[in-house]
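The values are calculated or read from the model by the stated rules, or taken from the named source; none is laboratory data. Since the structure is predicted, the reported quantities are computational estimates derived from the model, not experimental observations. Note that we place each Cβ from the backbone using ideal geometry, even for glycine, and neighbour counts take in every protein chain shown. Each accessible area value is taken on the protein alone, full model and side chains, heavy atoms only, with ligands, DNA and RNA left out. Shrake-Rupley method; radii C 1.70, N 1.55, O 1.52, S 1.80 Å.
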Amino acid sequence: MTTPPPGLRERKKQATRAALREAALRLAVERGPDGVRVEDIAEAAGVSPRTYNNYFASREQAIVSAVTADREARVAAAVAARPAGVRLADAVTDAVVEQYTGTGEHEHGALLLITTRSALREAFLDATADIEPPLTAVLAERLENAGESTARVLAASVAAAVRIALEGWLRPAGTAGALAGTGAGGLVVPSGSLPDRLRAALAPLAPAFDAVERREPVR
């Protein structure tokens, strides 16, 4: 699948989004998430609060975006790049694990910040829904005889499985569990291997992917 390069307007939007998420993360690290206002993020990025609201619905969404930025598109691109002979279930699983666990130092620091606030964790989990649109497009092209609705169901199922894996990974441990529902607090300690959790959550979807791949063309 060949995607044309973005035009000038789209590049400006991408630059604005990047400036906002970087400003949100920097201010959150400097002041703590509760000390950051939308107005502060907008000012640091050189835009108006109104412009900010065109990109993010909350400060938590902007902070989390510093970790999740473009990850969903990268998952879809990784699936599309797999050779046609690779089993689709394996292509999807490998792409998800690769993009959700291959964090650099910058993303790792932001992820540590996310574990300190329940609102940030919820925004982080909610971001998994963004997998569906780009992955639907890739699956619909690869499974051209299955139909877009089938591709969408599969993509939505992948998003749900990823969320379940992340929820298990971020499950409060020890005494921190008592703080999990306390709004601003609720430090959690990620538990277990995230790659293992992702693979286990996605494994039940493999038969569905296999069945669709084997489907005969619609007559």
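Values computed for the structure shown
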item: Residue within the range 122-142 that is in contact with a Ser or Thr (Cβ under 9 Å, 6 or more places away or on another chain), modelled with pLDDT of 90 or more, farther than 23 Å from residue 18 by Cβ and surrounded by 21 or more Cβ atoms within 10 Å (Cβ to Cβ) present; result: yes
item: Count of residues meeting criterion [under 22 Å from residue 93 (Cβ atoms) and touching a Lys or Arg at 6+ places or on another chain (Cβ under 8 Å)] in the range 111-126; result: 1
item: Pick from the range 38-76, criterion of a type in the set (Gly, Ala, Ser) and open to solvent by 60 Å² or more (accessible area, probe 1.4 Å), ranking: farthest from the chain's Cα centre (by Cα); result: 46
item: Residues (in a helix (DSSP H, G or I), farther than 19 Å from residue 37 by Cα and acidic (Asp, Glu)) located in the range 56-87; result: 72
item: The range 143-157: number of residues that are open to solvent by less than 70 Å² (accessible area, probe 1.4 Å) and assigned to a helix (DSSP H, G or I); result: 6
item: Residue in the range 12-35 that is open to solvent by less than 10 Å² (accessible area, probe 1.4 Å), in contact with a Pro (Cβ under 7 Å, 6 or more places away or on another chain), of a type in the set (A, V, I, L, M) and in a helix (DSSP H, G or I) present; result: no
item: Selection from the range 51-61 of residues that are within 15 Å of residue 13 (Cβ to Cβ) and without any contact (Cβ under 8 Å) to a residue 24 or more places away in the chain; result: 53, 54
item: Failed condition for residue 118, given (1) more than 30 Å from residue 31 (Cβ to Cβ); (2) among the small types (Gly, Ala, Ser); (3) over 16 Å from the mean Cα position of the chain (by Cα); result: (1)
item: Residues of the range 40-55 satisfying the condition of being outside any helix (DSSP H, G or I) and among the aliphatic types (A, V, I, L, M); result: 47
item: Breaking point among (1) touching a residue at least 12 places away in the same chain (Cβ under 8 Å); (2) under 30 Å from residue 140 (Cα atoms); (3) surrounded by fewer than 17 Cβ atoms within 10 Å (Cβ to Cβ), for residue 86; result: (1)
